[in-house]
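Novice: Let me give you the structure first, and then I'll get to my questions.
The values are calculated or read from the model by the stated rules, or taken from the named source; none is laboratory data. Computed from a prediction, not measured in an experiment: that's the story for all the values here. All Cβ positions, glycine included, derive from the backbone under ideal geometry; neighbour counts span all protein chains shown. The area values use the complete protein model at the heavy-atom level, side chains included, leaving out ligands, DNA and RNA. Shrake-Rupley method; radii C 1.70, N 1.55, O 1.52, S 1.80 Å.
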Amino acid sequence: MASDTLTITDNRTGTLYEVPITDDTIRAIDLRKIKVNADDFGMMTYDPAFMNTAACRSAITFIDGDRGILRYRGYPIEQVAEQASFLEVAYLLNYGELPTKAEIDAWEHDIRYHTYVHTNVIKFLEGFRYDAHPMGMLLGTIGGLSTFYPDAKDVHDPANRKIQKIRLMAKLPTIAAFCFRHSRGLPYEFPRNDLDYIGNFVNMTFSIGGKHEPNPVLQRALEILLILHADHEQNCSTSAVRAVGSSGVDPFSAVSAGIAALYGPLHGGANEAVLQMLDEIGTKDRIPAFIEAVKNGGDRLMGFGHRVYKSYDPRAKLIKQVAYDVFQQTGLNPKLEIALELERIALEDDYFISRKLYPNVDFYSGLIYQAMGYPTDFFTVLFALGRLPGWLAQWEEMITDKEQKIARPRQIYTGEDARDFVPLVMRK
Ligand code: ACO
């Protein structure tokens, strides 16, 4: 008769072990009872990069990588991107349900009235060099915010967590915009609480002399991009937020760890790398040689491939549509032609087909950001702005999960066995 257990035979000893199966998963700790003798530590699993290990239970985001499905709290990303505002999505991710009118009004109001940062933040932003990478500035400054809000240490108080989330949601756009202005040598433009979340951010980045004429199509396009980035279950930066947050540190520090992870070229830094790649390719006739170099292992096709999606990333599909809307406003970017041709060739090539490599969220997003007027090194900051609600929702879920403890993986020790220390004078 079928039972929800797994029977394991240890061929070293001939012993049989029965391990419970829940949600198609066994608990790694249940393997610890598999021992050769009583002194044995017990069996562990080895899973570098967590390729097949669930580290938490989560009710926030569902992904089916083979079928190209992404849902926030059960809602398909296509519907959310078309119909929701970014702050509605942030609310949905953090509270589990779409907000009522009263709830979204209160959420927007609270965020709107926390957009200012202490003037000392401006002082330490000014300490960064003129050419400092905005992601380096952002991660340092968000980490630094923890010193302004020592009350944020009380991570086990739900009301306290709420206020810190509002602060982060409100202040990250301000700091991101200040980083943008710093790298251009422009004076900081202060938040305007009469504008909505996106409008205020765009104004803080692009306003000159207090004036900026908003383009509603570009603003909605930016909002859709932020929505598409808002959460993506246990990716590298979210895992960083969870792991660092599991130590009980305040959310400003945990989120700055997420920003650090996102900075890397294999994660959020990929949109920046896509633009560099398109620049290097330069013209369409050089694409075949580039593809050959990729296939020979010399390069990676940036913006392609994903740990989870083994079909077309549903966000990339939506972003491609947004790209057309944006380019109608701004005029066609010649790099789009190179990107489209790269995609066409790659999707017909056996190297990419056999490895299930499809465009990911970063393949087209950089082109759109560039058309909107953002410099390449700012793209990942925009990603961070979008991902913040997801980091916060996942951080809260981790804090309130009774099964979670401080993150602390095991290792297989491969170093020297015990040996006696050799004094310096006796070393050869
Ligand atoms: N170009 C060329 N070959 C690739 C690419 C790529 N972009 N991605 C994977 N491959 C190849 C690998 O060389 C490997 O081939 P092999 O089996 O012959 O050795 C195979 O496909 C599997 O690749 P892995 O690196 O094992 O896949 P993994 O799941 O570890 O990596 C990752 C996923 C990091 C996203 C990878 O596809 C990559 O480097 N892509 C380019 C960077 C990128 O676009 N990152 C953004 C990801 S989305 C996000 O973070 C928002």
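Novice: Just to confirm, what accessible area per residue do you get for the chain at 1.4 Å probe, in whole Å²? Write down the numbers at each step before the final one.
Specialist: Numbers: 21840 Å² over 428 residues.
I get 51 Å² per residue for this part.
Novice: On the accessible surface of the chain, probed at 1.4 Å, how many percent belong to carbon and sulfur atoms?
Specialist: Numbers: 11740 of 21840 Å².
Of the solvent-accessible surface of the chain, carbon and sulfur hold 54 percent.
Novice: Given H placed on each backbone N at 1.01 Å, which residues far from residue 15 in sequence or on other chains put an amide H within less than 5 Å of it?
Specialist: Sorted by chain and number, the residues that satisfy this are 10.
Novice: Classify the stretch 371-428 as rounded, prolate or oblate from the Cα gyration tensor: take a ≥ b ≥ c as the square roots of its eigenvalues, call it rounded if a/c is under 1.5, otherwise prolate when a/b beats b/c and oblate if not. Each step should come with its number before you reach the end.
Specialist: Numbers: a/c = 5.08, a/b = 1.78, b/c = 2.85.
It comes out oblate by the Cα gyration axes.
Novice: Continuing with the same structure: Using each residue's phi in the stretch 77-91, evaluate 6.51 cos²θ - 1.76 cosθ + 1.60 at θ = phi - 60° and report the 3J(HN,Hα) Karplus result to the nearest Hz, with x for Gly and Pro.
Specialist: Calculated HN-Hα couplings, in order: 4, 4, 5, 5, 5, 7, 10, 9, 8, 4, 5, 5, 5, 4, 5 Hz.
Novice: Loop only by DSSP, 10 or fewer other Cβ within 10 Å of the Cβ. Give me the chymotrypsin sites (Phe, Trp or Tyr not before Pro) in the stretch 1-74 that pass, ordered by residue number.
Specialist: Numbers: sites: 17, 41, 46, 50, 62, 72; in loops: 41, 46.
The qualifying sites are 41, 46.
Novice: Which ³J(HN,Hα) values, rounded to whole Hz and listed in residue order, are derived for the stretch 12-26 from phi using the Karplus coefficients 6.51, -1.76 and 1.60 in 6.51 cos²θ - 1.76 cosθ + 1.60 with θ = phi - 60°, glycine and proline given as x?
Specialist: 6, 10, x, 7, 9, 10, 10, 10, x, 10, 10, 6, 6, 9, 10
Novice: Need one number: convex hull volume per residue for the stretch 152-275, Cα atoms only, in Å³. Kindly include the intermediate steps, with their values, before the conclusion.
Specialist: Numbers: hull volume 16.7 nm³, N = 124.
Hull volume over Cα atoms, normalised by residue count, gives 135 Å³.
Novice: Report the convex hull volume per residue for the stretch 22-130, counting only C-alpha atoms, in Å³.
Specialist: Numbers: hull volume 29.8 nm³, N = 109.
Enclosed volume per residue, from the Cα hull, is 273 Å³.
Novice: List the relative contact order of the chain as a percent without decimals, with contacts defined as Cα pairs under 8 Å and 6+ residues apart.
Specialist: On the way: 564 pairs, mean separation 83.0, N = 428.
Result for the chain is 19 percent.
Novice: Turning to a different aspect of this structure: Kindly flag which residue pairs out of 211/335; 171/356; 123/153; 123/335 have an alpha-carbon separation exceeding 28 Å in this structure.
Specialist: Pairs exceeding the cut-off: 211/335; 171/356; 123/335.
Novice: I'd like to know which of 87, 76, 412 lies farthest towards the positive end of the charge dipole of the chain, counting +1 on Cβ of Lys and Arg and -1 on Cβ of Asp and Glu.
Specialist: Farthest along the dipole direction, towards plus: 412.
Novice: Let me ask another. Apply 1/(1 + (r/R0)^6) to the Cβ-Cβ distance of residue 284 and residue 220, taking R0 = 45 Å, and write down the FRET efficiency to the nearest 0.05. All intermediate terms of the calculation are to be shown ahead of the outcome.
Specialist: On the way: r = 31 Å, r/R0 = 0.68.
Efficiency at R0 = 45 Å is approximately 0.90.
Novice: With charges set only on the Cβ (+1 for Lys and Arg, -1 for Asp and Glu), what does the dipole of the stretch 270-372 come to about its Cα centre, in debye to the nearest 20? Let's see the in-between values first.
Specialist: On the way: 13 positive and 15 negative charges, 81 e Å.
So the dipole magnitude of the stretch 270-372 works out to roughly 380 debye.
Novice: The stretch 181-223: which trypsin sites (Lys or Arg not before Pro) are DSSP loop and have at most 16 other beta-carbon atoms within 10 angstrom?
Specialist: Details: sites: 181, 184, 192, 211, 220; in loops: 192.
Here the trypsin sites (Lys or Arg not before Pro) that fit, given the DSSP loop and packing criteria, are 192.
Novice: May I pose another question? Go through 249, 379, 278 and say which Cα lies farthest out towards the positive end of the charge dipole of the chain; charges sit on Cβ, +1 for Lys and Arg, -1 for Asp and Glu.
Specialist: 249
Novice: What is the distance in Å between the Cα centroid of the stretch 375-425 and that of the stretch 210-269?
Specialist: Cα centroid to Cα centroid, the span is 16 Å.
Novice: Separate question: I'd like the Karplus ³J(HN,Hα) series for the stretch 359-369: coefficients 6.51, -1.76, 1.60, θ = phi - 60°, whole numbers in Hz, and an x wherever there's a Gly or Pro.
Specialist: Taking θ as phi minus 60°, the curve returns x, 9, 4, 8, 5, 9, 4, x, 4, 5, 4 Hz for the stretch 359-369.
Novice: Okay, moving on. Placing +1 on the Cβ of each Lys and Arg and -1 on the Cβ of each Asp and Glu in the chain, which of 96, 314, 399 has its Cα farthest towards the positive end of the resulting dipole?
Specialist: Highest projection toward the positive end goes to 399.
Novice: Go ahead and set up a Gaussian network model of the chain, Cα springs under 10 Å, then flag whichever of 120, 37, 215 fluctuates most.
Specialist: So, out of 120, 37, 215, the one fluctuating most is 37.
Novice: A further question on this structure: Where the only charges are on Cβ atoms (+1 Lys, Arg; -1 Asp, Glu), what is the dipole of the stretch 70-145 about its Cα centre, to the nearest 20 debye? Show your work: numbers first, answer last.
Specialist: On the way: 6 positive and 10 negative charges, 56 e Å.
Using only the charged Cβ atoms, the result is roughly 260 debye.
Novice: May I have the convex hull volume per residue, in Å³, for the Cα set of the chain?
Specialist: Working: hull volume 99.0 nm³, N = 428.
Dividing the Cα hull volume of the chain by its residues yields 231 Å³.
Novice: For the chain, what is the charge dipole size about the Cα centre, in debye to the nearest 20, if Lys and Arg each add +1 at the Cβ and Asp and Glu each add -1 at the Cβ?
Specialist: On the way: 46 positive and 55 negative charges, 173 e Å.
For this selection, approximately 840 debye.
Novice: May I pose another question? If I take every Cα pair under 8 Å that is 6 or more residues apart in the stretch 270-372, average their sequence separation and divide by the length, what percent do I get for the relative contact order?
Specialist: On the way: 111 pairs, mean separation 47.2, N = 103.
Over the stretch 270-372, the number comes to 46 percent.
Novice: Please list, ordered by chain and number, the residues whose modelled amide H lies under 5 Å from the amide H of residue 6; skip anything fewer than 5 residues away on the same chain.
Specialist: For residue 6, the qualifying residues are 19, 21.
Novice: Let me make sure I get this right: for the stretch 270-372, a, b and c are the square roots of the gyration tensor eigenvalues over alpha carbons, sorted descending. Under 1.5 in a/c it's rounded, otherwise prolate if a/b > b/c, else oblate. Which is it? Intermediate results must be reported in sequence, preceding the final value.
Specialist: Details: a/c = 1.93, a/b = 1.29, b/c = 1.50.
Verdict is oblate for the stretch 270-372.
Novice: Less than 11 Å from a label point 7 Å out along the Cα-to-Cβ axis of residue 410: which backbone N atoms in the stretch 26-67 qualify, by residue?
Specialist: Those under the cut-off are 28-35, 41-47.
Novice: Which shape class applies to the stretch 226-332: rounded if a/c is under 1.5, otherwise prolate when a/b exceeds b/c and oblate if not, where a ≥ b ≥ c are the square roots of the Cα gyration tensor eigenvalues? List each step's numbers first, then the result.
Specialist: Details: a/c = 2.33, a/b = 1.64, b/c = 1.42.
It comes out prolate by the Cα gyration axes.
Novice: On the full set of protein chains, 1.4 Å probe, figure out the accessible area of residue 15 and give it in Å² to the nearest 10.
Specialist: Residue 15 exposes around 60 Å² with every protein chain in place.
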